[in-house]
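The values are calculated or read from the model by the stated rules, or taken from the named source; none is laboratory data. Everything quoted here is computed from the prediction, not taken from an experiment. Every residue, glycine as well, gets a Cβ built from its backbone with ideal geometry; the counts of neighbours run over all protein chains shown.
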Amino acid sequence: MTDDFIIIAHRGASGEYPENTLLAFRQALEAGATWLELDVQLSADSALVVIHDETLERTTDGRGAVAVKALAELRQLDAGRGEKIPLLSEVLELAAGRATVNIELKGAGTAEPVAQLLGQRKSAGLIPADRILASSLYERELTLFARLAPGTPLAPVAEQDSPALRRLAEELNVWSIHLEKSSISRELIAEVQRTGRKLLAYTVNATDELERLRDWGLDGVFSDFPERFSGKQGASFRGG
Ligand code: G3P
Ligand code: MG
């Protein structure tokens, strides 16, 4: 994985396109994104679907909780501009060989089926995403995933730093820590990096903010507008 500044397309190119849809992920890739972030939840019949909220109202024309709907019902819904709620497997297929995918284990009970899906794709010889980074706000999901998919890079997600978060980071030997941007300081960046981990901030959309965080030495950001920073990733970004 690159040591250069990382820009992760947060829910795809979600500033311009409906979040967590194949359209948003495709547009992010076309704009040059090399990292995609998505949120995964479980349907009532245990399908892994890519949607942020536990409920359907904000991002689709459906109503109620995702977890009580069968996949067939979820797939009838409009997730924006006629897009369907994608399956995790569809996004992995789209990103295959093109991008690192940060799978955020958002829904309860997602760790096991996600680990299973990644294992199945591997044994079927399907082209993998360049890399998978599994993250979660929930200690239970991340810890279980670590056990079921050893070797996959991990990241805890939190609003802010805390002793419990650092303890989990040590226990699971995570690759990175993902924090809400307002809780980031120069000192915190240095402190996390001293432990050999990366610190990433969500959600950063303004260029001046991104440049300030990068100048502080932050490792990367989640952005709804990856297209805004395209051509600025990696060495060329560092250089200018
Ligand atoms: O994982 C970073 C970020 O996606 C966490 O917040 O609410 O956008 O999933 P949220
Ligand atoms: Mg997320």
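The table that follows gives values for the structure above.
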read-out	value
Residue match in region 13-24 (condition: surrounded by fewer than 21 Cβ atoms within 10 Å (Cβ to Cβ), under 17 Å from the mean Cα position of the chain (by Cα), of a type in the set (D, E) and within 16 Å of ligand 1 (Cβ to nearest atom))	no
Flag if T152 is under 26 Å from L179 (Cα atoms) and more than 16 Å from ligand 1 (Cβ to nearest atom)	no
Residue ranges of helices (runs of 4 or more DSSP H) in region 1-120 with at least 1 members touching a Phe, Trp or Tyr at 6+ places or on another chain (Cβ under 9 Å) and basic (K, R)	22-30
Subset of region 36-45 (residues that are surrounded by 14 or more Cβ atoms within 10 Å (Cβ to Cβ) and over 17 Å from S14 (Cα atoms))	Q41, L42, S43, A44
Criterion violated by L200 - all others in (1) of a type in the set (A, V, I, L, M); (2) surrounded by fewer than 17 Cβ atoms within 10 Å (Cβ to Cβ); (3) part of a strand (DSSP E or B) satisfied	(2)
Residue match in region 128-146 (condition: over 18 Å from the mean Cα position of the chain (by Cα) and of a type in the set (K, R))	no
Considering residues of region 176-197 that are in a helix (DSSP H, G or I) and not hydrophobic (A, V, I, L, M, F, W, C) only, the residue nearest to the chain's Cα centre (by Cα)	K181
Among the residues listed as A115, A124, A108, the single one being without any contact (Cβ under 8 Å) to a residue 24 or more places away in the chain and of a type in the set (A, V, I, L, M)	A124
R140 being in a helix (DSSP H, G or I), out of contact with any Phe, Trp or Tyr (no Cβ under 6 Å at 6 or more places or on another chain), at pLDDT below 95 and away from ligand 2 (no atom under 16 Å from the Cβ)	no
Yes/no for T143 being within 16 Å of ligand 1 (Cβ to nearest atom) and surrounded by 13 or more Cβ atoms within 10 Å (Cβ to Cβ)	no
Residue that is surrounded by the most Cβ atoms within 10 Å (Cβ to Cβ), among those in region 77-121 that are of a type in the set (A, V, I, L, M) and farther than 15 Å from V40 by Cβ	A99
Pairs, first polar (S, T, N, Q) and within 15 Å of ligand 2 (Cβ to nearest atom) in region 31-53, second modelled with pLDDT under 95 and in a loop (DSSP other than H, G, I, E, B), C-beta under 8 Å, six or more apart	Q41/G107
Subset of region 72-104 (residues that are farther than 29 Å from P156 by Cβ and without any contact (Cβ under 8 Å) to a residue 60 or more places away in the chain)	A72, E73, R75, Q76, L77, D78, G82
